[in-house]
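Please read the structure below before turning to the comments.
Read-outs: derived from the displayed coordinates by stated rules, not from any lab. All figures in this text were calculated on a predicted structure; none of them were measured in a lab. So basically every Cβ, Gly included, is an ideal-geometry build from the backbone, and we count neighbours across all protein chains shown.
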Amino acid sequence: MPEGDTVYRTARRLTDALGGSTLRRGELHHPRLSTVDLAGRVLHTVRPVGKHLVLRFDRDLSLHCHLKLDGSWRLVPTPGRLPINHRTRAVLADDTTAALGQALHDMALLRTAEEHRLVGHLGPDLLAEDWSDTHAAEAADRLAATPDRELAESLLDQTVMAGVGNVYKNELCFLLGVSPWTPVSEVDAAETVRLARDLLLRNALRANRNTTGNPRPGQSLWVYGRNRADCLRCGERVHLRSRGERVTYFCPRCQPGPVR
């Protein structure tokens, strides 16, 4: 599931592969952007912002996209036949490498100077290269601003802090030792932000997400995806609650508090 760590890693891979290159092919397979031709432009860098990606080109042009639940970017060698299919939304290629954007969402072209129009509403980016105590304090203040809100809901709110998705929501609640439905007022906002950034940082460049520190198969996450298994800490059966597309996992023994 793409979350802040996945987006960060994707941005790094795209920048390493195509950063500074003049595109020989630049297609956007999107109804509003189908006539755009990016061939001849230089892709300077790819900027991750929480769960958003912004690809910056020369001449003050940026491409914004979101991976949501199923989006991805795939790198393949060129020349040669590219594995383009009905899910391909972007094709960016130079003489040696092609980046294929699969199932991308919320695609938009805009001036680089106006990127804030699409990402300016987000809270502090937990994987920002220039993260500072000021960012941490702002995120903590935003989290604490709604004391009666359920913690799990606040963690998913990208206007509070950007980068946490459903996997990290579940893992953070477990590590904080509280039920996902615990009011925000009952946790330390600053510690929650610190822990969230720490988890994302530890996984930013790791292909296989791990929050437990245990590399053995099936033991890389504390509770997420373990509804048919026992808690790694206490042995109690992990419980599952589902609401729409979101699923919540928790250990009733390790995470006391309200349950929905």
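Quick notes
- Per-peptide packing, taken as the mean over residues of other Cβ atoms within 10 Å, places 206-212, 39-45 in the sequence 39-45, 206-212 from highest down.
- Spin-label model distance (nm) - residue 112 vs residue 78, 7 Å beyond Cα toward Cβ: 2.0
- Counting beta carbons within 10 Å around each of 187, 46, 7, 36 and listing the fewest first gives the order 36, 187, 46, 7.
- Space enclosed by the convex hull of the alpha-carbon atoms of segment 4-119, per residue, Å³: 92
- Length released on extending from residue 260 to residue 214, taking residue separation times 0.36 nm less the Cα-Cα span: 13.6 nm
- Under Karplus coefficients 6.51, -1.76 and 1.60, residue-wise ³J(HN,Hα) of segment 252-259 in Hz, glycine/proline x: x, 8, 7, 10, x, x, x, 10
- Backbone N within segment 1-26 under 17 Å of label point (7 Å from residue 229 Cα along the Cβ vector): 1
- Per-residue [θ]222 nm for the chain (sum of -39500 (n - 2.57) over DSSP H runs n ≥ 4, rounded to 500): -7000 deg cm²/dmol
- Value of relative contact order over segment 4-119, rounded to a whole percent, pairs C-alpha under 8 Å and six or more apart: 26
- Exposure proxy ranking for 64, 239, based on other Cβ atoms within 10 angstrom of each Cβ and starting from the fewest, stands as 239, 64.
- Per-bin percent of Cα-Cα distances, the chain [5 Å]: 1, 6, 13, 16, 16, 14, 11, 9, 7, 4, 2, 0
- Each pair of Cα atoms in segment 133-250 enters the Kirkwood radius, and Stokes-Einstein at 4 °C and 1.567 mPa s then converts it into a translational diffusion coefficient of 88 µm²/s.
- Top of 140, 229, 190 by mean-square fluctuation, Gaussian network on the chain, Cα under 10 Å: 229
- Counting neighbouring Cβ atoms within 10 Å and putting the fewest first, the residues 30, 116, 52 line up as 116, 30, 52.
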